[in-house]
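The values are calculated or read from the model by the stated rules, or taken from the named source; none is laboratory data. Bear in mind the structure is a predicted one, so any value in this text is a computation, not a measurement. Every residue, glycine as well, gets a Cβ built from its backbone with ideal geometry; the counts of neighbours run over all protein chains shown.
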């Protein structure tokens, strides 16, 4: 756990640019990235949930990056709707959440809903069945609506400094 803390795990932080994002995804096995825009209210909602979840799950690195200031990376990862959450494992995009897709209805979304969705692909360690809410009377089973078309794409951080050839 100390190694994770040294790498900044346990906190939800902002990466300043695309180069730093590639460094983060190389140095941590599991990374959850929120692509956001400061003027999008839903992005603030995602921020509050991911801040709470990051503190509980030091096994995964949680970061956010301003999509407007990262056009190369946003285009490369096909981020067109905000908020978008990109989940990477060992340098490969494992899954993508666009908006609140596959989590819950916006007006009823909780941090537990986010946790369960992130756990479905092993991005965080989760006790119990991530398809069932902890308060099962509150919600029914959760299903992933759409798996990412980027799931098997890999990226090469060495050639991705934010500039294209």
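General remarks:
- Boolean, residue 123 is buried (at least 17 other Cβ atoms within 10 Å of the Cβ), at pLDDT 95 or above and not in a strand (DSSP E or B): yes
- Condition met for residue 105 (surrounded by fewer than 13 Cβ atoms within 10 Å (Cβ to Cβ) and either at pLDDT 95 or above or over 14 Å from the mean Cα position of the chain (by Cα) (or both)): yes
- In this entry, residue 86 passes the filter for residues that are closer than 20 Å to residue 13 by Cβ and either in contact with a helix residue (DSSP H, G or I) (Cβ under 8 Å, 6 or more places away or on another chain) or outside any helix (DSSP H, G or I) (or both).
- Residue 8 touching a strand residue (DSSP E or B) at 6+ places or on another chain (Cβ under 8 Å), at positive phi and not in a helix (DSSP H, G or I): yes
- From the list 63, 79, 93, 31, the lone residue that is assigned to a loop (DSSP other than H, G, I, E, B), crowded, with 21+ Cβ neighbours inside 10 Å and at pLDDT 95 or above is 79.
- Candidates 51, 40, 45, filtered to the one that is within 23 Å of residue 113 (Cβ to Cβ) and within 13 Å of the chain's Cα centre (by Cα): 51
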